[in-house]
Amino acid sequence: MRTLFYTIGSLFWVMLSLGCIKEDKFGLSDYKEIKSFEIAGQASSTTINSEERTISIPFNEEEDVSAKTPSHIEISNMASISPTSEEAQDFNEPIIYTVTAEDGSTAEWTVTAVVAEAQPQISNSNFDQWYDAGGYQQPGASADEAVWDTPNKGVAIVGDPNTTPEDLGNGDYAAKMVSVSAPVLVRMAAGALYTGSFTDGLLNPADPASNVNLGMVFTARPDGFKVDYRYLPGEEYQDADGNPLEGGDEMDIYLLLEKREGDQVARIGTAWYRSGATVEDWTTLEMDIKYGELSESDPEFEYANIKEGETWAAPNERPTHITVVCTSSALGDFFTGAIGSELWINNFELVY
């Protein structure tokens, strides 16, 4: 028995030691990652895409990036980088950094300085561009250029996509979202359109919010937004188990401005519209952004307040991210709503 304990103990320490080994191994290392890349004066945190080997660094409007020297670059152990961190670069154009691993293999990383426009708009906010994502349409000229996304990737696995383009004629398209019956696991799937991306990992139909990365890099401070919309709520308002509920389904169109630092999210501004009113004809909705904390007297306080783990930022802070969400069923994440609810939106515009 003692021998067995010694054997198990020895295996445990071997496994623990192996588990701690990341880039150090026998032989020459082939790791050539950039783990951190910072430039003094950048507006918010750097975005690193290790799969595509791209790095995006945001700067405020009118920032001169013609001769910037990186303040900090962290790369894989035993690797080297060229150009070095001491060399100034003209970041008006993307810069290629080559990381050479210990074994001599190389990887090219594209580093881009993104200088904010003075009064930026979110691209493709007229929703006229859609591309084929493999059996369904997605908003944007292509997957690489898209800033708007939908849950179509998850819905299309077991049914038809429920966020689609609608041709209004003369090259004008709107985005149509429909709350549909889900064929497996859950009762319904709400149509939605949002800034951000659908996750690439394992899908979790029981927790739609976990499948979505909301928001995009954004550093301006608009006064509000306006958007054209129509809404037809479905007839039978039910909870996740199909039990009838009082009232009726409601749509959501909202905008959040946030300051993100690592895992910390601080809300700066909020503009949130929730309504169950039938709107048959195209109508223009205009919403002001409230900077600073919401109060209990605000009509949207109950559903628009910050979530657990988030905080409020000072109202005069500069944001790092913007989130815009539109959905045909406001409580769709909880599979509550009316199957058949339909929301159309067109011509989303930030107002300055």
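The values are calculated or read from the model by the stated rules, or taken from the named source; none is laboratory data. Note that the coordinates shown come from a computational prediction; the quantities given were computed from them, not determined experimentally. A quick note on method: Cβ atoms are made from the backbone with ideal geometry, for glycine too, and the neighbour counts reach across all protein chains shown.
Taking the criterion of being outside any strand (DSSP E or B) and of a type in the set (Val, Ile, Thr), the residues of segment 277-323 that qualify are 278, 289, 306, 320. Can you work out which of the residues in segment 114-140 that are among the aliphatic types (A, V, I, L, M) and within 19 Å of residue 349 (Cβ to Cβ) is modelled with the highest pLDDT? Top of the filtered list is 122. Only one entry in 222, 165 is surrounded by 13 or more Cβ atoms within 10 Å (Cβ to Cβ), at pLDDT 95 or above, more than 30 Å from residue 63 (Cβ to Cβ) and touching a Phe, Trp or Tyr at 6+ places or on another chain (Cβ under 9 Å), namely 165.
For segment 228-253, taking the residues that are in a strand (DSSP E or B) and surrounded by fewer than 21 Cβ atoms within 10 Å (Cβ to Cβ), the one that is nearest to the chain's Cα centre (by Cα) is identified as 228. Please find, within segment 148-160, the residue that is farthest from residue 332 (Cα to Cα) out of those that are at pLDDT 95 or above and either among the charged types (D, E, K, R) or not in a strand (DSSP E or B) (or both). Per the stated criteria, the residue is 149. Is there a residue in segment 45-53 that is farther than 27 Å from residue 317 by Cβ and surrounded by 15 or more Cβ atoms within 10 Å (Cβ to Cβ)? Within segment 45-53, one or more residues are farther than 27 Å from residue 317 by Cβ and surrounded by 15 or more Cβ atoms within 10 Å (Cβ to Cβ). What do you reckon, is residue 258 buried (at least 18 other Cβ atoms within 10 Å of the Cβ), outside the structural domain of residue 59 (by TED's automatic domain parsing) and in contact (Cβ under 8 Å) with a residue 60 or more places away in the chain? When the stated conditions are applied, residue 258 passes them.
Taking residue 79, is it touching a residue at least 40 places away in the same chain (Cβ under 8 Å), buried (at least 17 other Cβ atoms within 10 Å of the Cβ) and among the small types (Gly, Ala, Ser)? Spelling it out, residue 79 is indeed touching a residue at least 40 places away in the same chain (Cβ under 8 Å), buried (at least 17 other Cβ atoms within 10 Å of the Cβ) and among the small types (Gly, Ala, Ser). Residues that are touching a strand residue (DSSP E or B) at 6+ places or on another chain (Cβ under 9 Å) and either more than 13 Å from residue 266 (Cα to Cα) or modelled with pLDDT under 95 (or both) within segment 300-309 comprise 300, 303, 304, 307, 309, listed in sequence order.
Considering only residues in segment 39-92 that are among the hydroxyl-bearing types (Ser, Thr, Tyr) and closer than 21 Å to residue 260 by Cβ, the one that is modelled with the lowest pLDDT turns out to be 44. Scanning segment 276-305 for residues that are in contact (Cβ under 8 Å) with a residue 12 or more places away in the chain, within 27 Å of residue 237 (Cβ to Cβ) and either under 24 Å from the mean Cα position of the chain (by Cα) or not assigned by TED's automatic domain parsing to the domain that holds residue 256 (or both) gives 285, 287, 294, 300, 303, 304.
Of all residues in segment 254-263, exactly one satisfies the criterion of being assigned to a loop (DSSP other than H, G, I, E, B) and of a type in the set (Asp, Glu), namely 263.
For segment 184-197, the criterion of being part of a loop (DSSP other than H, G, I, E, B), of a type in the set (Gly, Ala, Ser) and modelled with pLDDT of 95 or more is met by at least one residue.
When the residues of segment 82-111 are filtered to those that are loosely packed, with under 15 Cβ neighbours inside 10 Å and of a type in the set (Val, Ile, Thr), the one that is farthest from residue 349 (Cα to Cα) is 106.
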